[in-house]
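Have a look at the structure below, then the notes.
The values are calculated or read from the model by the stated rules, or taken from the named source; none is laboratory data. Computed from a predicted model, the values in this text were never measured in an experiment. Cβ sites come from the backbone with ideal geometry, for glycine too, and all protein chains shown count toward neighbours.
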Number of protein chains: 2
Amino acid sequence: MVNIEKPSLIINEEIARRNIERMAGKARKYQMAFRPHFKTHHSADVGNWYRDYGVSTITASSVEMAQYFAQNGWSDITIAFPYNPHQWSEINELAAKTRLGILLESDEALRHAGKHISNKISYYIKIDVGYQRTGIASNDIEKITSLMQPPHSTFDFNGFIIHAGHTYGCRSADAVKSLHNDILEQYRMMKSHLGEDIFISHGDTPTCSVCDDFENIDEIRCGNFVYYDLMQKQIGSCSLEDIAVVVAVPVVATHYERNEILIYGGAVHFSKDSLDANGSKTFGRVVRFSDSGWEITEGLYLKKMSQEHGTIGGPEHEIRKLHFGDVIGVLPVHSCLTADLLSSQFTLDGKAIRKMLR
Amino acid sequence: MVNIEKPSLIINEEIARRNIERMAGKARKYQMAFRPHFKTHHSADVGNWYRDYGVSTITASSVEMAQYFAQNGWSDITIAFPYNPHQWSEINELAAKTRLGILLESDEALRHAGKHISNKISYYIKIDVGYQRTGIASNDIEKITSLMQPPHSTFDFNGFIIHAGHTYGCRSADAVKSLHNDILEQYRMMKSHLGEDIFISHGDTPTCSVCDDFENIDEIRCGNFVYYDLMQKQIGSCSLEDIAVVVAVPVVATHYERNEILIYGGAVHFSKDSLDANGSKTFGRVVRFSDSGWEITEGLYLKKMSQEHGTIGGPEHEIRKLHFGDVIGVLPVHSCLTADLLSSQFTLDGKAIRKMLR
C-alpha cells in the first residue's frame, strides 16, 4: 500500500467499480435512467469510473458541487437540493454550460427562479413520501399541480424528485422493503391524479440496493452505494465485503493498561456520525491492511473522538497486536461525510485521487 | 452584513478581540506565558488579531496546521499532538524554519524522533491528569523521568503538556473549579517529585476561562475561547454574549404545518456535535441578524441535519417569522469543528477571512 503520513481515504477500486456496475445493471434491468449522486465521493477521478458503466447523467447536492463536476466534464447535472435564491446567478451560469436540473417545492421558489434565471433549465418538484425533511406531501395534489406550469418557455417541468431518507431508520432489508411498498403505493396514487406520463426520480441507497420492484420509477439517484459504509451495513443495504473505503490512520500512542490505543484521526477526518453496536457507541470498525486489501479485526472499534484524536478500544489480545507507528484502517460509519473531509485519498494500489476541496 | 450565498461563518471581530484580550490579560496577571491554540479558527487573518495583544507563540494540533501558520509568519509553534513518526520529515523541515515544540509520551516515540530529527527541536512530555485520552499518568514518575533525558544535543526537553479535556463533562463553573483543584494538586505532586523548576503548560478553555488559581502553571494553551460556542456556554465557560461566531444560512423551504423550516446548512458545514437542551437534541441556536450584530431568538434551534440540509424547529409564532430566502444565523455547538468546515468566512462588517483549506 501507499505510504501513509496522515489520515487518508483508501479506496478499493475493485469493490467501488463492482458496486457501480451492480447498480448500473439494476437500473438497466428495470429500465430506469441512472443518475448517481456524486455527493458521496466528491471526486473527479472516481466520477470518471462511472463512465465505464454507461453513466452520463449525475446528481449533485450543492451548486458548488455541480460547478466542480461541470468543470470536470459532466454536462447533465441535477442539483437535488431545494433552489437557493441567493445562488441564482451561479445557477444561471451553470445552466448556460450544462443541461441543468433544479428542484423546487414552493410557489415563491418557482416565481423567484422564473424571474431570475434566463438560461434554459429544467425543474423538478420535490415530493415528500414520509421522510419529512422537505418537499410537498405526495397527496397534496392541489399544491403539486400549481407548480407544474413553467413560468416561461425556457423553463421545462421535468417531473418529481423523491428521497426516501426515512429508510435510514430501518435495521433490516425487510423493513426497507416494507417501507418501499408504501412509497410505491404513493407513486401509484400520484400517477392516478397527475397523469400516467409523469416522470418519477427516486433516491436513497437502501431501497435501490435492497428492493426488486421499481414500478413507476423512471430514474434512480442513489449515491452512497459506490462506497457503502457501516450505517448501510446496519440498515441491511450491503455486506461488510461491499464497503469500498477505509480511513488509514497512524497509531501514535498505546494505552494497553486500559485496552486502548490512540490514532491520528478524529472528528475533522471522520465527522461524528456513530452507531450503537452491542450497547456501545462506535464511530468505526478497525481493519488490518493485507496484501490483497484489508481484513476486519475482531472487536476493535473507534470508540471516542476529539478534534484530531481517535481512541480505539477492544479486547486485550487484539489491542496488544497494535504498536506505535502502525498504520491501521477504520471502516467509516458514514462514508459521504468522511470522504468529504479527507483531502488525502488513494486507491489501494497507490493512485492519488483528486477530490473537490472544501 | 455581507451578502450571503451559502453557509458562511460570520465572525463578530469585536467579541473575538475582547475574548483574546481578556485571556491575554489573565495570562499576564498570573505571570503565565500565553500560547493560544489556533485549531479553533484555522485562520491566518484571525491569527493576526492576536499579535495586537502581545501573542507571538502559538499551538497547533497537526503538522499541516503548523506548516500553514509558519507560512503565515508564526515562528514559535508547539504541535500539541503526539509525535507521528510518519511525519518526521515534515517535522524536521519545520524545525529548520521555526522554534518548534513537539509532544512525546513513550520511549519508542523519543527514540524515533531522536533518530530521525536532525534540526534543533524542543519536546514536551504529555501528561494525563484524568482525561484518559492520552499521556502518561501524572503519578507515573518512573516513566516520566525516563523520558526527561534528551537523546542528543539538538533536542531540548522543555517540560510537560497537559490538556484537561475532562472539564468538557462539567456543567457548571463550580464543577470546573473543583476538577481544577484536583489538577493543581497533581501539579504540586509532580513538582515535589520532578523538581521545582519544571515547566508546566496547561490547556483547555473551561479551566482557563473559569478559574483564578494557576499555581505552578507556567503557560496556558487554550484555544476555543476566541470564539466560544454553545458547548462552552453549557459548561459554564462563557455567556451567550461571549460567543463570537454564527453560521449564516439561507432559508430554502418552509414547513409551517409542522413548525419547521429548512436551511441550506448541514453536517458538512456544522459537523455533528450536539447538546441536550431541555430533553431535545440541538445542533445550534438560531439568531437574527441586526444592525449591531445578531440577536438570539426564543426557542428556535437546529434540530436535525443531514449532509447539506438542516431543519430548524421551534414555537409556531417564531417559525412563522421566517420566510423563503431569509438569511438567519445559527450559534454552533462546537465552533472549532464548524470553523474548520466553512471555507466561506466573513467578519460582521464584511471583510473576507482566509482560512486553512482542508
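Return the residue satisfying two criteria in turn: it lies in segment A:86-123 and is of a type in the set (D, E) and under 19 Å from A:A70 (Cβ atoms), and of such residues it is farthest from the chain's Cα centre (by Cα). First the steps, then the outcome.
Here is the first cut: in segment A:86-123, the ones of a type in the set (D, E) are A:90, A:93, A:105, A:107-108.
Okay, now just the ones that are also under 19 Å from A:A70 (Cβ atoms), so A:90, A:93.
Working: A:E90: 23, A:E93: 26 Å.
Top of the filtered list is A:E93.
Applying a threshold of 7 Å to beta carbon distances and a minimum spacing of six or more residues, or different chains, the list of pairs starting in segment B:40-60 at a residue that is in contact (Cβ under 8 Å) with a residue 60 or more places away in the chain and ending at one that is in a loop (DSSP other than H, G, I, E, B) and aromatic (F, W, Y) reads B:T40/B:Y227; B:H41/B:Y227; B:T59/B:F38.
Right, B:L331: more than 14 Å from every other protein chain (Cβ to nearest Cβ) and either in contact (Cβ under 8 Å) with a residue 60 or more places away in the chain or buried (at least 17 other Cβ atoms within 10 Å of the Cβ) (or both) or not? In short, yes. Here A:V249 meets each of (1) within 17 Å of the chain's Cα centre (by Cα); (2) modelled with pLDDT of 95 or more with one exception, condition (1). Of all residues in segment A:233-270, those being surrounded by 24 or more Cβ atoms within 10 Å (Cβ to Cβ), outside any strand (DSSP E or B) and not hydrophobic (A, V, I, L, M, F, W, C) number 4.
What number of residues in segment B:303-316 are within 14 Å of another protein chain (Cβ to nearest Cβ) and in contact with a Leu (Cβ under 9 Å, 6 or more places away or on another chain)?
Filtering segment B:303-316 for residues within 14 Å of another protein chain (Cβ to nearest Cβ) gives B:303-313.
Still in the list and also in contact with a Leu (Cβ under 9 Å, 6 or more places away or on another chain): B:307, B:309-313.
The number of residues fulfilling the criteria is 6.
Does segment B:105-119 contain any residue that is closer than 23 Å to B:I217 by Cα, of a type in the set (A, V, I, L, M) and in the same structural domain as B:P36 (by TED's automatic domain parsing)? No: segment B:105-119 contains no residue that is closer than 23 Å to B:I217 by Cα, of a type in the set (A, V, I, L, M) and in the same structural domain as B:P36 (by TED's automatic domain parsing).
In segment A:147-160, the residues that are more than 16 Å from A:I79 (Cβ to Cβ) form Cβ pairs under 6 Å with partners that are small (G, A, S) and modelled with pLDDT of 95 or more, at six or more places apart or across chains, as follows: A:P151/A:G114. Every condition in (1) surrounded by fewer than 23 Cβ atoms within 10 Å (Cβ to Cβ); (2) away from chain B (no Cβ under 14 Å) is met by A:V176 except one, and the failing one is (1). A search for C-beta distances below 9 Å between a residue of segment A:1-21 that is within 14 Å of chain B (Cβ to nearest Cβ) and any residue that is in a strand (DSSP E or B) and at pLDDT below 95, counting only pairs 6+ apart in sequence or on different chains, returns nothing. B:I319 meets each of the listed conditions (1) buried (at least 24 other Cβ atoms within 10 Å of the Cβ); (2) more than 13 Å from chain A (Cβ to nearest Cβ) apart from (1). Do the conditions hold for B:R99, that is, is it of a type outside the set (A, V, I, L, M, F, W, C) and closer than 27 Å to A:R258 by Cβ? Answer is no for this residue. Of all residues in segment B:22-55, those satisfying the criterion of being closer than 22 Å to B:I11 by Cα and over 17 Å from the mean Cα position of the chain (by Cα) are B:G25, B:R51, B:D52, B:Y53, B:G54. Out of A:A267, A:A253, A:A277, one residue alone is farther than 15 Å from A:I4 by Cβ, facing chain B (nearest Cβ under 10 Å), of a type outside the set (D, E, K, R) and free of Cβ contacts under 8 Å to residues at least 60 places away in the same chain. It is A:A267. The condition of being within 10 Å of chain B (Cβ to nearest Cβ), modelled with pLDDT of 95 or more, under 24 Å from A:Q186 (Cα atoms) and over 25 Å from the mean Cα position of the chain (by Cα) does not hold for A:S146. Could you please let me know if B:F324 is assigned to a loop (DSSP other than H, G, I, E, B) and more than 30 Å from A:H269 (Cβ to Cβ)? In short, yes. Of the listed requirements (1) crowded, with 22+ Cβ neighbours inside 10 Å; (2) out of contact with any Lys or Arg (no Cβ under 7 Å at 6 or more places or on another chain); (3) not aromatic (F, W, Y), B:H193 misses just one: (1).
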